[in-house]
Amino acid sequence: MLIIGIAGGTGSGKTTVVRKIIEKLPQGEVAVLPQDSYYRDNADMPLEERQEINFDHPRSVEFELLVEHIKKLKNGEAIDQPIYSYLTCLRSEETIKVEPKEVVIIEGILALTQPELRDLMDLKIFVDCDADDRLNRVIKRDIVERGRSVNKVLDRYEKTVKPMHLQFIEPSKRYADIIVPQGGNNVVAINILTHFIEKNLIVKL
Ligand SMILES: Nc1ncnc2c1ncn2[C@@H]1O[C@H](COP(=O)(O)OP(=O)(O)O)[C@@H](O)[C@H]1O
Ligand SMILES: O=c1ccn([C@@H]2O[C@H](COP(=O)(O)O)[C@@H](O)[C@H]2O)c(=O)[nH]1
């Protein structure tokens, strides 16, 4: 099993890079563990309070469960991956059964900040993108997909997203084996990564 970590700021293009890598690999070879699925369940808090949580701080994510799940997959066991909603800021009662695959991708803003998680990764990638481009994309995306207003997105960006990016995410770039500028648009980087993964699969089979 090849375990790949893909980190980078919000809106940097992590999900797009993952999608483009998967498209190029044989079907059914890849399992994706999005860090966002592991946001802690704060069902005991009212919605207004949940919406004020600092979701860009490592303590907001149940990394213990993510690490446990990766270890299980490595051990050949299936996992029940949580489902998280950005609209309600809650975990669903349902889960997704994820079977062990030849390639496991862990994708998320804080994926390279945790030593125990990094130690499980065979390849660490940081998707790099200018802050103004990321903010531009996040405004558009959060209005359409996450039920936010422009003011709400800008307010969160100033209060938590930007400071946490500078404190935790940007410094985690030093742990990356490969830094990918221009995210999903970087055809050369996507091809290099895909070839690396394919080569490792052939060696392991
Ligand atoms: N190179 C790009 N140019 C313009 N928009 C992009 C680009 N890459 C991603 N996007 C868009 O920006 C948003 C965030 O991209 P995404 O890949 O989900 O980033 P992340 O997973 O890092 O938050 C999505 O709506 C996506 O379609
Ligand atoms: O309920 C939530 C939980 C998280 N967020 C924000 O999402 C981004 C990380 O997701 P990406 O897909 O990598 O952009 C992070 O900045 C959190 O603040 C949210 O808006 N609502």
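Tabulated values for the structure
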{"quantity": "Residue within segment 90-108 that is modelled with pLDDT of 95 or more, more than 15 Å from the chain's Cα centre (by Cα), surrounded by fewer than 17 Cβ atoms within 10 Å (Cβ to Cβ) and within 21 Å of G9 (Cα to Cα) present", "calculated": "no"}
{"quantity": "I190 being under 13 Å from L110 (Cα atoms), at pLDDT 95 or above and either away from ligand 1 (no atom under 16 Å from the Cβ) or not in a loop (DSSP other than H, G, I, E, B) (or both)", "calculated": "no"}
{"quantity": "Among (1) outside any loop (DSSP other than H, G, I, E, B); (2) farther than 30 Å from P171 by Cβ; (3) not aromatic (F, W, Y) - the single one G76 does not satisfy", "calculated": "(1)"}
{"quantity": "Qualifying residue in segment 175-187 (condition: within 18 Å of S60 (Cβ to Cβ) and either within 15 Å of ligand 2 (Cβ to nearest atom) or in a loop (DSSP other than H, G, I, E, B) (or both))", "calculated": "no"}
{"quantity": "Leading residue by the ranking (nearest to R156 (Cα to Cα)) among those in segment 1-44 that are within 12 Å of ligand 2 (Cβ to nearest atom) and assigned to a loop (DSSP other than H, G, I, E, B)", "calculated": "T10"}
{"quantity": "Single match in D142, D133, D56 (criterion: within 16 Å of ligand 1 (Cβ to nearest atom), assigned to a loop (DSSP other than H, G, I, E, B) and of a type outside the set (S, T, Y))", "calculated": "D56"}
{"quantity": "Cβ pairs under 7 Å, 6+ apart, first in segment 111-124 and touching a residue at least 12 places away in the same chain (Cβ under 8 Å), second in a loop (DSSP other than H, G, I, E, B) and not hydrophobic (A, V, I, L, M, F, W, C)", "calculated": "L123/D177; K124/D177"}
{"quantity": "Selection count, segment 62-89, where residues are farther than 20 Å from V161 by Cβ, touching a residue at least 40 places away in the same chain (Cβ under 8 Å) and hydrophobic (A, V, I, L, M, F, W, C)", "calculated": "5"}
{"quantity": "Residues being of a type outside the set (S, T, N, Q) and touching a helix residue (DSSP H, G or I) at 6+ places or on another chain (Cβ under 8 Å) - total across segment 142-151", "calculated": "4"}
{"quantity": "Qualifying residue in segment 51-72 (condition: among the hydrophobic types (A, V, I, L, M, F, W, C) and out of contact with any helix residue (DSSP H, G or I) (no Cβ under 9 Å at 6 or more places or on another chain))", "calculated": "no"}
{"quantity": "Subset of segment 57-96 [aliphatic (A, V, I, L, M) and in contact with a Leu (Cβ under 7 Å, 6 or more places away or on another chain)]", "calculated": "V61, L66, V67, I70, I79"}
{"quantity": "Segment 131-142 residues that are farther than 15 Å from G8 by Cβ and among the hydrophobic types (A, V, I, L, M, F, W, C), paired with ones that are more than 9 Å from ligand 2 (Cβ to nearest atom) and in a helix (DSSP H, G or I) (beta carbon under 8 Å, 6 or more apart)", "calculated": "I139/V150; I139/L154"}
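Matching residues to (1) of a type in the set (D, E, K, R); (2) within 30 Å of L47 (Cα to Cα):
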{"site": "I109", "(1), (2)": "no, yes"}
{"site": "E116", "(1), (2)": "yes, no"}
{"site": "L120", "(1), (2)": "no, no"}
{"site": "V153", "(1), (2)": "no, yes"}
{"site": "Y157", "(1), (2)": "no, yes"}
{"site": "R174", "(1), (2)": "yes, no"}
{"site": "P181", "(1), (2)": "no, no"}
{"site": "V187", "(1), (2)": "no, no"}
{"site": "N191", "(1), (2)": "no, no"}
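Rundown of residues vs (1) out of contact with any strand residue (DSSP E or B) (no Cβ under 7 Å at 6 or more places or on another chain); (2) within 30 Å of M1 (Cβ to Cβ), yes/no style:
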{"residue": "S60", "(1), (2)": "no, yes"}
{"residue": "L73", "(1), (2)": "no, yes"}
{"residue": "E77", "(1), (2)": "yes, yes"}
{"residue": "I83", "(1), (2)": "no, yes"}
{"residue": "V103", "(1), (2)": "no, yes"}
{"residue": "A131", "(1), (2)": "yes, no"}
{"residue": "K162", "(1), (2)": "yes, no"}
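The values are calculated or read from the model by the stated rules, or taken from the named source; none is laboratory data. Since this is a predicted model, take the numbers as computed values, not measurements. Cβ: placed from backbone, ideal geometry, glycine included. Neighbour counts: every protein chain shown.
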